[in-house]
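K.L.:
I have a structure here, written as structure tokens, and I will follow up with some questions on it.
Nothing in this text is a laboratory measurement; each read-out follows from the coordinates by a stated rule. What you see is a predicted model, and the numbers here were worked out from it, not measured in a lab. Cβ: placed from backbone, ideal geometry, glycine included. Neighbour counts: every protein chain shown.
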Amino acid sequence: MRTLTTERLILPPWDPRFEEDFCRLGADPRVSRYLGDGRPWKPERTVARHGEILAHWREHGFGWRGILLREPGDEALIGVAALSRLSKPLPGVDEPAIEIGWWVDPRHWGKGIATEAAAVIRDEAFTDHGAARLVARYQPANHASGNIMRKIGMRHHDDTTGPYGEAVRLYVLERSDWVTATHS
């Protein structure tokens, strides 16, 4: 379980120490407004999800990562960068697929942090975990996430409905497209 780094970021594997900051992020209505039903996460939901994230790492050897700034002495979690095995197949998406996603603390929006984190975990999915394809979902009003998906090479695949009846855009990046883009 190696830690990923970029010029500005440290992305360690999910850790029990992230629970408090994760609860803070999940409870922020600016972060949660485009997650599922759009309501801030109650502590019970966040703590349960935190446990599921740790279990995913134990089962699959990859998963969610914290996003930390590389600045000395700054240990606060400023976001998450996620790779997850799909719990159930998505219509029209060939298996196997890994889902990619991210959350960033609103204090750090507009700085390219989500794009930087998404690019490095995209590469991790293909190089370290042999992903055949990556999928990502976002609610159409969340233009920032759609922009990040396009920046990391993903393409619109379908419009569908999420588990809460919300409209969702589905983006996909095939391994062959990633190889072509990174080797040209």
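K.L.:
Place +1 on the Cβ of every Lys and Arg and -1 on the Cβ of every Asp and Glu in the chain, take the dipole about the Cα centre, and give the residue among 114, 55, 1 whose Cα lies farthest towards its positive end.
P.N.:
Most positive-ward Cα: 114.
K.L.:
Where both residues lie in the chain, what percent of DSSP beta bridges are antiparallel, nearest 5?
P.N.:
Bridges in the chain are about 95 percent antiparallel.
K.L.:
Which one, [x] 10.7; [y] 14.4; [z] 10.1, gives mean projected area of the Cα convex hull in nm² as derived from the coordinates shown?
P.N.:
From the options [x] 10.7; [y] 14.4; [z] 10.1, the structure gives [z].
K.L.:
Another question, then. Please arrange 84, 176 by how many other C-beta atoms lie within 10 Å of their C-beta, fewest to most.
P.N.:
176, 84
K.L.:
Which trypsin sites (Lys or Arg not before Pro) does region 1-109 hold that lie in a coil by DSSP with at most 15 other beta carbons within 10 Å?
P.N.:
Those satisfying the criteria are 2, 8, 33, 70.
K.L.:
What order do you get for 149, 154, 1 when you list them from fewest to most C-beta neighbours inside 10 Å?
P.N.:
Fewest-to-most ranking of 149, 154, 1: 1, 154, 149.
K.L.:
Let me ask something else about it. Can you give me the distance in nm between label points at residue 71 and residue 45, each placed 7 Å from the Cα along the Cα-to-Cβ direction?
P.N.:
Here the answer is 3.0 nm between the modelled labels.
K.L.:
In addition: Could you check the spin-label model distance between residue 58 and residue 158? Points 7 Å from the Cα along Cα→Cβ, value in nm.
P.N.:
Taking the two extended label points, one gets 3.3 nm.
K.L.:
Let me ask another. Could you size up the charge dipole of the chain around its Cα centre, putting +1 on the beta carbon of Lys and Arg and -1 on that of Asp and Glu, and report it in debye to the nearest 20?
P.N.:
The dipole of the chain has a size of about 300 debye.
K.L.:
Counting other C-beta atoms within 10 Å, which of 126, 22 has the fewest, and how do the rest follow?
P.N.:
Listed from fewest to most nearby Cβ atoms, that is 126, 22.
K.L.:
Zone of residue 85 (label point 7 Å along Cα→Cβ, backbone N under 15 Å): which residues in region 40-62?
P.N.:
Answer for region 40-62: 52-62.
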